[in-house]
Protein chains: 2
Amino acid sequence: MILAYPMPPGEEIFERISKLKEKMKQHKIDSCLIVQNVDLFYFSGTMQNGYLFIPLEGEPILAIKRYAPRAIIESPIKKVREIGSVKDLSSVIKEVVDEIPKKIGIELDVFPVNNYLFLKQILFPSEIVDSSPLIKDIRKIKSAYEISMIEGASEIAKKVYELAEKTLSPNITEMEFAAFLEAHARKWGHQGYLRMRSLNSEALSWHILSGKSGATLSYVDAPAGGMGTSPAFPVGAGFKKIKENEPILVDFITCYGGYHTDQSRIFSVGRLNKKFIDAYEATLKIQDAILKEAKPGVSCETLYEIGVNLADKLGYKNNFMGPRDYQVNFIGHGVGLEINEFPFIAKGHVYPLEAGMTFALEPKMIFPDEGAIGIENTILITDDGYKKLTDIKEEIIEVKKE
Amino acid sequence: MILAYPMPPGEEIFERISKLKEKMKQHKIDSCLIVQNVDLFYFSGTMQNGYLFIPLEGEPILAIKRYAPRAIIESPIKKVREIGSVKDLSSVIKEVVDEIPKKIGIELDVFPVNNYLFLKQILFPSEIVDSSPLIKDIRKIKSAYEISMIEGASEIAKKVYELAEKTLSPNITEMEFAAFLEAHARKWGHQGYLRMRSLNSEALSWHILSGKSGATLSYVDAPAGGMGTSPAFPVGAGFKKIKENEPILVDFITCYGGYHTDQSRIFSVGRLNKKFIDAYEATLKIQDAILKEAKPGVSCETLYEIGVNLADKLGYKNNFMGPRDYQVNFIGHGVGLEINEFPFIAKGHVYPLEAGMTFALEPKMIFPDEGAIGIENTILITDDGYKKLTDIKEEIIEVKKE
């Protein structure tokens, strides 16, 4: 059991800030104001409500609305100030810079327009530019500490999948089974709340879909959507009862110390028919073919193409990564403090893999009205290849009929 | 058990749209583009990924990126179009209006800057204005259908609190207890995922705090924060073990058909000391004094002041709604599709209560290093008074020591 209250090391926080300053210099941005909670945690070690101001020259300063005493304990940043509202920001900023910055970077990919318009009045006459590409670029390479957190999440996941094998039985609903597994995951240290960047993105642990649910699409940019519980939450586990002899996709994300791991396995109660078993074998082949090439220097798009081409060759052109006309354009997505971060193993993502990148690789097949088949592991790119961070057996997990 | 896949009635959706058109007319906005998922569900009945365009004159049209076949089933809106990307929006809009709208309302309280700047290019030469005040104003009054959904959530909550009484025992962690309750809530129909509007707002069911955790503040604008599981999720239940004779705040939100209900009760294993019992009695008195005046026409701020004044009079000036220097400025918040919506029973909220408003009323006391005490119920304002939607006994729920 890995219960803890894990806190990132102080040196690591300063290292991250110095990487950001490097990028700011390149982009001629003389300061950054970190506004989003995940980025705030990444660069300060605390997620208390407030802002982190990072000048190109000089010390960073944390302006906390609520709750400053906790930010002081959690963050290695020395200057922490308590503010009543965003209006106090400019006086806090003046404490660490001699003159008002010319160009302030803010995460404009998530910062709401009203907040922006208000801040423009306060920070006048600074020009506000988008800092999110810089931040995403830094966050895509994981440190040893970050990898240890993802490994912690994977350790919890391993126990979840073992428990699933021990307890799966037909006639419970997808949600009941998912909730049972999640309760145990939390007992073992899973934080419960997941994070996905951008407006309307909502992440959930309980993506457990049985039979035709696995072929039910939804708003989410994923090969398999799921029914969910109502049109107001139309994704993931629903009220369908799990049956015998149907593929059960257990796509269960865990999170430890803020870091996610994403994995899927196929379960069944009794034997699956040959069609599903063959498709599963195909996803394993695709996974292996991709991983064989996974190492620093190889383009993400190349890995994607290896997967798509092999799926075509194996006869799954209309099933791979979604049903015909609704296929997604990726086979993998970065995981870290968010589950949709760089790198994306996807069409158009032509940058190279680098050591320290972590991503979920998820070759999946969808059979309309029948179900989803596939495997997913969380992968770390190492100096000369890759390492699977997921330690769960890879065969179809078949449990006996009652 | 109320498992279902509840869908709002079609007439209700059209009624909401017509209310929005009324407000658009008043504010001289000739169209609205609904972009946020919760608002999209409210005005269309579906939460598939896309946009709802509502012209002042003429039919609304849904432009869905993913997954249109499901939007067609779920929404009563007749015109549903599939789009590849946001770039296709203007051609969809042209289908229902003769000329490009002069003024488009968008929810600028949540819409990110980058999306806004991109949309401005596409929708040029329309002026984009903030539609969120109009939408929030409409959403603050609940229909009979919406109230029935909140009642559904309350029905699940009642079972959660009964289960908590039956199963609470010392030496389990807050998170373990919370996760156990949540697993059952989900089995009974709780959707699991909660919603809170605005950047960095994250809502959780598992706000279960024992002893000094109840006095641990955090980023969240609430009287009691909780430790959470790491600085990356520093709120709600943590790894502290529940002990005998300490106040245990079970502040557990449930959600059904997208609608929330929010309630809290104090539990203890063995007797609480007189200080806590007296404080609890005081919160009940405050609740009753506020509810006595709760009816249409009374200002929200008036209710807030009744609470604060009575707390002062009863000797809890430095404990009410947070510890000294960190008290929050509200005693209640609207609940519906989000758990921070209008009305706010708060300082400065001088608008009157109206029939159909639903809010959580939560008089609470914080004792530094000792714990949180309080009660919370979800309240409906009726034509001539109020109705408690929460049906859970109001005494301290004391379970026997082992």
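Values quoted throughout were computed directly from the atomic coordinates according to the rules given, and no laboratory measurement underlies them. From a predicted model like this one, the values you see are computed outputs, not experimental measurements. With ideal geometry, Cβ positions are generated from the backbone for all residues, glycine too; neighbour counts draw on all protein chains shown.
Points to keep in mind about this one:
- Per residue of A:34-47, other chain Cβ atoms within 10 Å of the residue Cβ number 3 on average.
- Centroid-to-centroid separation of the range B:250-308 and the range A:298-356 [C-alpha atoms, Å]: 51
- The range A:298-348 shape via C-alpha gyration tensor axes, a/c threshold 1.5: oblate
- For the protein assembly as shown, the square roots a ≥ b ≥ c of the C-alpha gyration tensor eigenvalues yield an a/c under 1.5, which makes the shape rounded.
- Each of the peptides A:229-240, A:168-179 was scored by the mean count of other Cβ atoms within 10 Å over its residues; in descending order, highest first, they stand as A:229-240, A:168-179.
- Using the Karplus relation 6.51 cos²θ - 1.76 cosθ + 1.60 with θ = phi - 60°, the per-residue 3J(HN,Hα) values for the range B:95-109 come to 5, 10, 10, 6, 9, 3, x, 6, 9, 10, x, 9, 6, 6, 6 Hz, with x marking Gly and Pro.
- Mean per-residue shielding of peptide A:188-197 is 5, counting Cβ atoms of other chains within 10 Å of each Cβ.
- In this structure, the amide hydrogen of B:Asn377, modeled 1.01 Å from its nitrogen in the peptide plane, lies closer than 5 angstrom to those of B:Ser264, B:Leu361, counting only residues at least 5 positions away or on a different chain.
- Using C-alpha pairs under 8 Å with a sequence gap of at least 6, the mean separation divided by the residue count of the range A:10-139 gives a relative contact order of 24 percent.
- Subset of B:Lys187/B:Lys388; A:Lys212/A:Lys401; A:Lys94/B:Lys136; A:Lys102/A:Lys347; A:Lys79/A:Lys103; B:Lys142/B:Lys275 violating a 30 Å alpha-carbon distance limit: A:Lys94/B:Lys136; A:Lys102/A:Lys347; B:Lys142/B:Lys275
- Label sites at B:Tyr5 and A:Glu354, each approximated as a point 7 angstrom past Cα along Cα to Cβ, lie 4.4 nm apart.
- If you take the Cα centroid of the range B:18-67 and the Cα centroid of the range A:182-200, the two points sit 31 Å apart.
- The phi-based Karplus calculation (6.51 cos²θ - 1.76 cosθ + 1.60; θ = phi - 60°) puts the 3J(HN,Hα) values of the range A:184-194 at 5, 4, 5, 4, 8, x, 4, 6, x, 7, 10 Hz, whole numbers, x for Gly and Pro.
- Helix-only mean residue ellipticity at 222 nm for chain B, each DSSP H run of n ≥ 4 adding -39500 (n - 2.57), per residue, nearest 500: -10000 deg cm²/dmol
- Modelled spin-label separation between B:Glu127 and B:Asn329, with each label point placed 7 Å from Cα along the Cα-to-Cβ direction: 3.0 nm.
- Scanning residues 5 or more positions from B:Ile397 or on other chains, those with amide H under 5 Å from its amide H are B:Ile266, B:Phe267, B:Ser268, with H placed 1.01 Å from N in the peptide plane.
- Here the Karplus relation 6.51 cos²θ - 1.76 cosθ + 1.60, evaluated at θ = phi - 60°, turns the backbone of the range B:309-321 into coupling constants of 5, 5, 4, 4, 4, 7, x, 10, 3, 9, 10, 5, 6 Hz, with x for every Gly and Pro.
- Cα gyration tensor category, rounded, prolate or oblate, for the range B:10-139 with a/c compared to 1.5: rounded
- Placing a label point 7 Å from the Cα of A:Leu117 along the Cα-to-Cβ direction, the residues of the range B:8-23 with a backbone N closer than 19 Å are B:23.
- For the peptides B:316-322, A:323-329, A:141-147, B:362-368, residues were scored by their other Cβ atoms within 10 Å and the scores averaged per peptide; the highest-first order is B:362-368, B:316-322, A:141-147, A:323-329.
- Summary value for chain A: 15 percent relative contact order, contacts being C-alpha pairs under 8 angstrom separated by 6+ residues.
- Segments A:220-226, B:343-349 sorted - mean Cβ within 10 Å per residue, highest first: A:220-226, B:343-349
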